[in-house]
Number of protein chains: 2
Amino acid sequence: MASFAFTIDAECPESWARAGTITTPHGVIHTPIFMPVGTQATVKSVSPEELRAVGAEIILANTYHLMLRPGSELIAEFGGLHSFMHWDGPMLTDSGGFQVFSLGHLRKVSEEGVAFKSHLDGSPRTLTPESVMRIEAELGADIILPLDICVGYPCTTEQARAAMETTHRWAERALAAKQQYRPEQTLFGIVQGGFDAELRQQSARFLGDLPFPGLSIGGLSVGEPKAMMWEMLRATTPALPRLKPRHLLGVGSPEDLVIGVGLGMDMFDCVLPTRVARHGGLFTPHGRVSIKTARFRTEKGPIEEGCDCYTCRNYSAAYVHHLARTEEQLYYRLGSIHNIRFMLRLARSLREAILTGNYPQFRDEFLARYTPASEQVRDAQREKWKAARAQRD
Amino acid sequence: MASFAFTIDAECPESWARAGTITTPHGVIHTPIFMPVGTQATVKSVSPEELRAVGAEIILANTYHLMLRPGSELIAEFGGLHSFMHWDGPMLTDSGGFQVFSLGHLRKVSEEGVAFKSHLDGSPRTLTPESVMRIEAELGADIILPLDICVGYPCTTEQARAAMETTHRWAERALAAKQQYRPEQTLFGIVQGGFDAELRQQSARFLGDLPFPGLSIGGLSVGEPKAMMWEMLRATTPALPRLKPRHLLGVGSPEDLVIGVGLGMDMFDCVLPTRVARHGGLFTPHGRVSIKTARFRTEKGPIEEGCDCYTCRNYSAAYVHHLARTEEQLYYRLGSIHNIRFMLRLARSLREAILTGNYPQFRDEFLARYTPASEQVRDAQREKWKAARAQRD
């Protein structure tokens, strides 16, 4: 079996949506796909067997967190992340770049790499394009990402350009450095360019021409309005090679998945479904509901009528409400399982819609039915999470 | 199938240990047995399927917590606790008496019953022997307990005698009140008597002569030295009817199970195995270890060599250590599963030792190998838990 292959199974004639198949050393992925995030070598509250049962085909782990604790050398001693965390399916690790810019303190970027202080103990650390390749080789994921610079929102065109150009040079260094490590790992490039359509196109073309078998789109969903994110994708996608899978980093919600697919994205990852679940937000075809509200106290039906997840097959919404209100651990599991299953079933439905030529209709019907959380609600939640995180640190 | 039956399968000739079989409407229980505690209609962190997989034959739920939240009437509307919480095996509910005395505020005992304020919102509540029978009928467990008075430690003989006498009168009222509810439920009596051997014997004889198909021993493990608890059991057991199962309420640790069986106890329940697990304490045949200590950081083997639990079959101690140190939710599950499995395997080993005439040898070997947590460590933990609980309220 080749270590990596991507084939396109169908393309939507009216949008940029496509259905594909990715082959990795640990198994096959059917796109479009949602990737649950296991930040610290565990998808919060959910076991590997439960991930399989909800249809997860690939999961993501965070290099930044794992290099700090327990350390990538230790994980290598255990044969890599797969055996360390008991997940034998495909896996992707990010580069740590995003977390350095969002979590690390006192970071200092140079041509060489980035110096920062650990958010755990303040200890000084550095990452270079080369050291990231070593660390990710130690972690052993199937798909790995190179060190990049994420400028955030808002930023000037000059900041975005400088960050993109450094990201490009680091991408070339990462490709060179990867040679000495594990050939069965596949390195994707990361497209940057801030919120400037021309820079985005330039980055897509530059990275698309390098020998990366796939491309991740970075630097989006960092606080900008949704409309701006979609505008950036509309500029980026046409500049990307058709035959390489495209991964939209850190996105997103159910509606993001539906829209992103139409803008040519194949892979999505986000902590949102599990994080929202832990705060009581559960997905339904009509939008997110808050399971803690009084209306679920006596609800005999499941969270979502017809849902095939473990939670909905075995528990009333009233019981899940009870667990959420009493802050019982089982709640976090049941809520996370439901939301991950919702995302994966949605991804599968999108794939089937593409295969049968019905993507535009599926998208329109979904968006007509599904009420997204308002930007205001999302902002409030982001603040709450930040506060909770700051307290924990 | 009779709603309740108890048969003795074997008795140890050198101690009071016996192996038995209890039949209930939801299945059969092999004694000696440990019953995991699902205070709020969930054994913390563990799913019903996982309880089955670790060999749980019966679980306990707390009437006090459930009557306050979500309320026994609501649970009755869902067909009782079994269907509400998705557990179809045997279940026992306590009477709420113990929690009223340990958690409720401003309690006032009268001949009629006990008035107290909810630990959740301070709202005034009352429990009487009659209302407890109604509430437990609504919860629908297989085995139910009557309202009793737990005096705690230390207490005077006069306090213990008065509480015991009230408990006896309440026991008779509970028996009378139960008539109007569900005949398939089995009401056990609760033996009290503080720390006075004569009172304990008197209570055992009094309750043993009433038509209770089983007896629980209450008021122990409430802060007294271990030796005193065993002394009370040595006084109590000979006064108990041989043909009724005996349940030692709220006990205990692995060594308590081993010793308690020799003193004639058949059933045990305690939050200790799951609570200790959540704080990092995991059972091994040599005693409790703290998984958070540095020595497990690089441990490639399981927590307990040869353990057949899900955790030990699939994860290194180093991974469990990592999850515990990062306070990941999956840790609480993996730790709880291991400790419950340890208790249930221990109960099964005790049963087999009794059936093969080897209980005394098994007990002596176990106690020679197993180093219990010192009373000092246990006291410190109790204080920590109390503080954590106070904070949560």
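The values are calculated or read from the model by the stated rules, or taken from the named source; none is laboratory data. These figures come from a predicted structure and were not determined experimentally. Every residue, glycine among them, receives a Cβ derived from its backbone with ideal geometry; neighbour counts consider all protein chains shown. Note: accessible area is taken over every heavy atom of the protein model, side chains too, but ligands, DNA and RNA are not part of it. Shrake-Rupley method; radii C 1.70, N 1.55, O 1.52, S 1.80 Å.
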Requested in this report: Identify all residues within region B:241-260 that are surrounded by 24 or more Cβ atoms within 10 Å (Cβ to Cβ) and either of a type in the set (Phe, Trp, Tyr) or touching a Lys or Arg at 6+ places or on another chain (Cβ under 8 Å) (or both); write none if there are none.
Outcome: B:Val258
Requested in this report: Please work out which one of (1) at pLDDT 95 or above; (2) within 14 Å of chain B (Cβ to nearest Cβ) is the condition A:Phe366 fails and give its number.
Outcome: (2)
Report task. State all residues of region A:157-208 that are more than 20 Å from A:Thr128 (Cβ to Cβ) and part of a strand (DSSP E or B); if no residue qualifies, say none. Result -> A:Thr186, A:Val191
Report task. Return yes or no: is A:Glu49 outside any loop (DSSP other than H, G, I, E, B), more than 17 Å from the chain's Cα centre (by Cα), within 30 Å of A:Tyr310 (Cβ to Cβ) and acidic (Asp, Glu)? Result -> yes
**Report entry** Near pairs, Cβ below 7 angstrom, 6+ apart or cross-chain, from region A:320-332 (buried (at least 22 other Cβ atoms within 10 Å of the Cβ)) to any residue that is β-branched (Val, Ile, Thr)
**Finding:** A:Val320/A:Ile291; A:Val320/A:Ile303; A:Val320/A:Thr311; A:His321/A:Ile291; A:Leu323/B:Thr42; A:Ala324/A:Ile291; A:Leu330/B:Thr42; A:Tyr331/A:Val320
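For B:Gln40, are the conditions met, namely being surrounded by fewer than 23 Cβ atoms within 10 Å (Cβ to Cβ), farther than 29 Å from B:Tyr310 by Cβ, in contact (Cβ under 8 Å) with a residue 24 or more places away in the chain and within 19 Å of the chain's Cα centre (by Cα)?
Working: surrounded by fewer than 23 Cβ atoms within 10 Å (Cβ to Cβ): yes; farther than 29 Å from B:Tyr310 by Cβ: no; in contact (Cβ under 8 Å) with a residue 24 or more places away in the chain: yes; within 19 Å of the chain's Cα centre (by Cα): yes.
So B:Gln40 does not fit the description; no.
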Query - Candidate set from region A:287-303 (those that are within 12 Å of chain B (Cβ to nearest Cβ) and open to solvent by 40 Å² or more (accessible area, probe 1.4 Å)); member that is nearest to B:Tyr332 (Cα to Cα) - result: A:Arg297
Report summary line: Expected single match for out of contact with any Leu (no Cβ under 7 Å at 6 or more places or on another chain), under 30 Å from A:Tyr332 (Cβ atoms) and modelled with pLDDT of 95 or more among A:Arg200, A:Arg275, A:Arg242, A:Arg205 is A:Arg275
Query raised in the report: Which of the residues belonging to region B:304-319 are crowded, with 20+ Cβ neighbours inside 10 Å and touching a Lys or Arg at 6+ places or on another chain (Cβ under 9 Å)?
Result: B:Cys309, B:Thr311, B:Cys312, B:Ser316, B:Ala317, B:Ala318
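What residue, among those in region A:304-337 that are of a type outside the set (Asp, Glu) and not in a helix (DSSP H, G or I), is farthest from the other protein chains (Cβ to nearest Cβ)? Spell out how you get there, then give the answer.
Narrowing region A:304-337 to residues of a type outside the set (Asp, Glu): A:306-307, A:309-326, A:329-337.
Then drop every residue that is not not in a helix (DSSP H, G or I), which leaves A:306-307, A:309, A:315-316, A:326.
Details: A:Gly306: 19, A:Cys307: 16, A:Cys309: 13, A:Tyr315: 6, A:Ser316: 6, A:Thr326: 5 Å.
Among residues in region A:304-337 that are of a type outside the set (Asp, Glu) and not in a helix (DSSP H, G or I), the one farthest from the other protein chains (Cβ to nearest Cβ) is A:Gly306.
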Query raised in the report: Scanning for something among the aromatic types (Phe, Trp, Tyr), more than 18 Å from B:Ile59 (Cα to Cα) and within 14 Å of chain A (Cβ to nearest Cβ), does region B:114-135 turn up at least one residue?
Result: no
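Do you know which residues across region A:334-353 are of a type in the set (D, E, K, R) and in contact with a Phe, Trp or Tyr (Cβ under 9 Å, 6 or more places away or on another chain)? So that I can check it myself, show each step before the final result.
Within region A:334-353, the first condition is being of a type in the set (D, E, K, R), and the residues that meet it are A:341, A:345, A:348, A:351-352.
Matches in region A:334-353: A:Arg341, A:Glu352.
Select the helices (runs of 4 or more DSSP H) contained entirely in region A:60-143, then report the ones holding at least 1 residues which are more than 16 Å from the chain's Cα centre (by Cα) and modelled with pLDDT of 95 or more. Quick ask: steps written out before the conclusion?
Values: elements: A:63-68, A:72-77, A:81-85, A:97-102, A:129-139.
Those helices (runs of 4 or more DSSP H) span A:63-68, A:72-77, A:81-85, A:129-139.
Among what's in region B:1-34 and is open to solvent by less than 60 Å² (accessible area, probe 1.4 Å) and without any contact (Cβ under 8 Å) to a residue 40 or more places away in the chain, pick the residue that is farthest from B:Ile340 (Cα to Cα).
If we take residues in region B:1-34 being open to solvent by less than 60 Å² (accessible area, probe 1.4 Å) and without any contact (Cβ under 8 Å) to a residue 40 or more places away in the chain, then B:Ala5 is farthest from B:Ile340 (Cα to Cα).
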